[in-house]
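A short write-up of the structure that comes next.
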Amino acid sequence: MSGDYNDKPQPLIEHLMELRTRLMWSIGAFFIAFLVCFYFAKQLFNLLVIPYKWAVIWAHLDVSKSELIYTAPQEFFFTQVKVAMFGALVIAFPMIASQIYKFVAPGLYKNERAAFLPFLVASPILFLMGAALVYFFFCPMVMWFFLAMQQAPGEGDVAISLLPKVSEYLSLIMTLVLSFGLVFQLPVVTTLLARVGLLTSTWLREKRKFAIVLAFIAAAVLTPPDPMSQIGLALPTIILYEISIYAARLVERKRQEDSEEEASSDVAKTE
């Protein structure tokens, strides 16, 4: 261990003080971001409603008549609080992640730090990719599916219209964003496990059929109870699993090349 951090052994109390400092910075960043997001909570919620408007257009309905409701006096207020917390977590994540890294970095070797940093960068990028997939495609598709179930008044039929509650709509889109964001971390997790030798590409290939079943089970648990949501999450999960196999193979190839170079250098030294 060497480099930019103090690598000297420290007593437990100093570790706890360091942990308290990192927590204070993380909580402070979250609190400031929460205040900013709460001030713009209505604007943020209106941004989250845009996929619903797209779904209304896809269903060939009048956008001016699309509306969300709340049925309890405090419902929209607490919805704004949830929006602010969700936005604050997204905004403050770089600060929180950097504080976690600074806390654990002194216990890592220099090469381990260099290996860890790419995953620290890739994780939020993959999460944002999953969130973007939900926002621009999956959420409008799900809402279009639900809007198609509306029933127009007619002979013997009553009018059945969809009037989403603000809290339930926010819960739906947050669940989808978090589910896809976590699923998109699969390549990062498997690559890290492959680097430490806990997983191999051969083992991942052998367990592919079990992974497919688990993908559909996880989709059934994490998404709303409709087939489009479940299939929409299961298919990207399976694709990411295949990417994880390829990433694990690259890690193994790199490890083999490094070991061959080390062996050749040892032979050259002995000669």
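Derivation of every value follows stated rules applied to the coordinates shown; laboratory data play no part. None of the values given here were measured: they were computed from a predicted structure. Because the Cβ atoms are built from the backbone with ideal geometry, glycine has one as well, and the counts that use them run over all protein chains shown.
List of remarks:
- Length-normalised contact order of the chain in % [C-alpha pairs under 8 Å, at least 6 apart]: 20 percent
- In a simple Cβ point-charge model (Lys, Arg +1; Asp, Glu -1; nothing else charged), segment 60-152 has a dipole of about 420 debye relative to its Cα centre.
- Top positive-direction residue, dipole computed over the chain with Cβ charges, set G87, P73, V142: P73
- Cα centre as origin, Lys/Arg/Asp/Glu Cβ charges: the chain dipole, Debye: 260 debye
- Helices meeting the span-like rule in the chain (full DSSP H runs, Cα extent of at least 18 Å along the helix axis, mean Kyte-Doolittle score of -0.5 or higher): 12-39, 41-58, 75-104, 110-133, 166-183, 208-222, 227-270.
- Subtracting the Cα-Cα distance of V36 and R249 from 0.36 nm times their residue separation leaves 72.3 nm of extension gain.
- Relative to the Cα centre, the charge distribution of segment 185-271, modelled as +1 at Lys and Arg Cβ and -1 at Asp and Glu Cβ, gives a dipole magnitude of about 420 debye.
- Links that overshoot a 32 Å alpha carbon limit, given the list K53/K102; K53/K82; K209/K254; K110/K207: K53/K102; K110/K207
- Spherically averaged projected area of the convex hull of Cα atoms, segment 159-271: 9.3 nm².
- Sorting the segments 117-127, 206-216, 146-156 by their residues' average number of neighbouring beta-carbon atoms within 10 angstrom, most packed first, yields 117-127, 206-216, 146-156.
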